[in-house]
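Structure first, commentary second.
The values are calculated or read from the model by the stated rules, or taken from the named source; none is laboratory data. No experiment lies behind these values; they were computed from the predicted model shown. For neighbour counting, all protein chains shown are included, and Cβ atoms are generated from backbone atoms with ideal geometry for every residue, glycine included. Note: accessible area is taken over every heavy atom of the protein model, side chains too, but ligands, DNA and RNA are not part of it. Shrake-Rupley method; radii C 1.70, N 1.55, O 1.52, S 1.80 Å.
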Amino acid sequence: MTETVLTALADGVLTLTLNRPDKLNSFNEEMHLALRAGLQRAEEDDAVRAVLLTGAGRGFCAGQDLGDRDPRKGGPAPDLGHTLESYYNPSLRLLRSLPKPVVCAVNGVAAGAGANIAIACDIVLAARSAKFIQAFARIGLVPDAGGSWSLARILGEPRAKALAMTAEPLPAEKAAEWGLIWKAVEDDSLMDEAAALAKSLAAGPTLGLGLTKQLIQSAAVNSLDQQLDMERDCQRQAGRSADYAEGVTAFLEKRKPEFTGQ
Ligand code: T3D
C-alpha cells in the first residue's frame, strides 16, 4: 500500500512528504496518523535536528478529504469537533511544541487545514505559484487547525476576517509581503532552498534554536516582564550548553563552529 506520508532522514533533517497527490494531499485518517507519527519521531529521536514538511505532486495539502465527509452517503452528521480534537489538534500541538525547527516547503495550493498547518510551521517557504486558501467558508465551516489564532495574530483582524470570510486565494508573494510566510521563491528552486535551509538549521545549536522557538511563540501572550524572565531562564539554559561553549570557542579561534545539538 502507498505510504500517505513519505519519511526520510538525512543530515539531521527528517523530511515528511504528504503523499496523496491525486487528492492534493488532503487528509484521511491514515495520513493524519502518519503525520503525527513523523512528528513524534522528530520529538523523540536525537538524530533528528530539524524537520522539513512538504507535499507530493502539484499541491501542498487541500485540508480534509471531503470524500470522507460525503453527506449523500447518509448517516448522522459527523462530529467535526471530535475529528479536530482527535486528528488535527494533536499534530498542531506537536508542530508548535517540537523543540526543533520545522521548515515548510509549500509546493502548491494549501487550502483549509492544509493552509493552516503550513502557517503553523516555524519557517515557511512557498513556490511563487502556490496559493493559501481559507477554503472553510466555501463549505460552511470555520477556520481550524489553528488558523483563527494564527491569522488574527499575524495579519490582524481586517485581513484575517477577509481571508476567512471570502476564501479568496492568497498568492505566495502576497503572503510573504503580509508576513504570513518567510518568503516566496521560484518554483524550480523551492525544494533546493528549503532543503538547504533545513540542513543548515539541523547543523545549528539545536537546544538554543528550540528555546528561541519557545520564546518567540510565548511573546504574544506574555507581558514584557514575563518575557524578560523567560529570556533570563532560557539564556541560563543555553549558556550551559556544549553548543554555546563551541560557538564562543570557534569565534575566538576564527573558525566555523561545529555544533552537536547538545
Ligand atoms: O472534517 C473535518 O474533520 C473537519 C476539519 C476540516 C478541515 C478542512 O480542511 S475543511 C476544508 C476542506 N478543503 C477544502 O474545502 C478544499 C477543497 N478543494 C478545493 O477547493 C480545490 O481542490 C483547490 C482550490 C484546493 C484546488 O483546486 P484545483 O482546481 O487546483 O484542483 P481540483 O481539480 O479541485 O482538485 C484536484 C483533485 O483533487 C480533484 O480530484 P479529481 O477530480 O481529479 O479526481 C479533487 O476532487 C481532489 N481534491 C482536492 N481537494 C480535495 C480533493 N479531494 C478530496 N478532498 C479535498 N479536500
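Pull up region 47-74, narrow it to residues that are of a type in the set (A, V, I, L, M) and in a loop (DSSP other than H, G, I, E, B), then point me to the one that is farthest from the ligand (Cβ to nearest atom). Break it down stepwise before answering.
Initial filter on region 47-74 (of a type in the set (A, V, I, L, M)): 47-48, 50-53, 56, 62, 66.
Right, trim to in a loop (DSSP other than H, G, I, E, B) and you get 47-48, 56, 62.
Details: 47: 32, 48: 27, 56: 13, 62: 3 Å.
So the residue we want is 47.
Here are some residues: 15, 54, 2. Which one is of a type in the set (Ser, Thr, Tyr) and at pLDDT below 95?
2
Report yes if some residue within region 65-84 is open to solvent by less than 10 Å² (accessible area, probe 1.4 Å) and touching a residue at least 60 places away in the same chain (Cβ under 8 Å); otherwise report no. Reasoning before the result, please.
Filtering region 65-84 for residues open to solvent by less than 10 Å² (accessible area, probe 1.4 Å) gives none.
Scanning region 65-84 turns up no residue that is open to solvent by less than 10 Å² (accessible area, probe 1.4 Å) and touching a residue at least 60 places away in the same chain (Cβ under 8 Å).
Filter the helices (runs of 4 or more DSSP H) completely within region 152-262 down to those with at least 2 residues that are free of Cβ contacts under 8 Å to residues at least 24 places away in the same chain, open to solvent by 40 Å² or more (accessible area, probe 1.4 Å) and more than 22 Å from residue 59 (Cβ to Cβ).
Details: elements: 157-166, 172-177, 190-202, 206-219, 224-239, 242-252.
Those helices (runs of 4 or more DSSP H) span 157-166, 190-202, 206-219, 224-239, 242-252.
Regarding residue 39, is this residue aliphatic (A, V, I, L, M), more than 16 Å from the ligand (Cβ to nearest atom) and in a strand (DSSP E or B)?
It is false that residue 39 is aliphatic (A, V, I, L, M), more than 16 Å from the ligand (Cβ to nearest atom) and in a strand (DSSP E or B).
Please identify the pairs in which a residue from region 22-38 that is at positive phi has its Cβ atom under 9 Å from the Cβ atom of a residue that is in a helix (DSSP H, G or I) and open to solvent by less than 50 Å² (accessible area, probe 1.4 Å), counting only partners at least 6 apart or on another chain.
Final answer for the pair search is 24/114; 25/31; 25/114.
Are any residues in region 127-159 within 10 Å of the ligand (Cβ to nearest atom) and of a type in the set (Phe, Trp, Tyr), and if so, which ones?
Hit for region 127-159 is 136, nothing else.
Please verify whether region 87-105 includes one or more residues that are within 8 Å of the ligand (Cβ to nearest atom), touching a residue at least 12 places away in the same chain (Cβ under 8 Å) and either hydroxyl-bearing (Ser, Thr, Tyr) or in contact with a Gly (Cβ under 6 Å, 6 or more places away or on another chain) (or both).
yes
On the given criteria, is residue 96 closer than 25 Å to residue 220 by Cβ and surrounded by fewer than 18 Cβ atoms within 10 Å (Cβ to Cβ)?
Yes: the conditions hold for residue 96.
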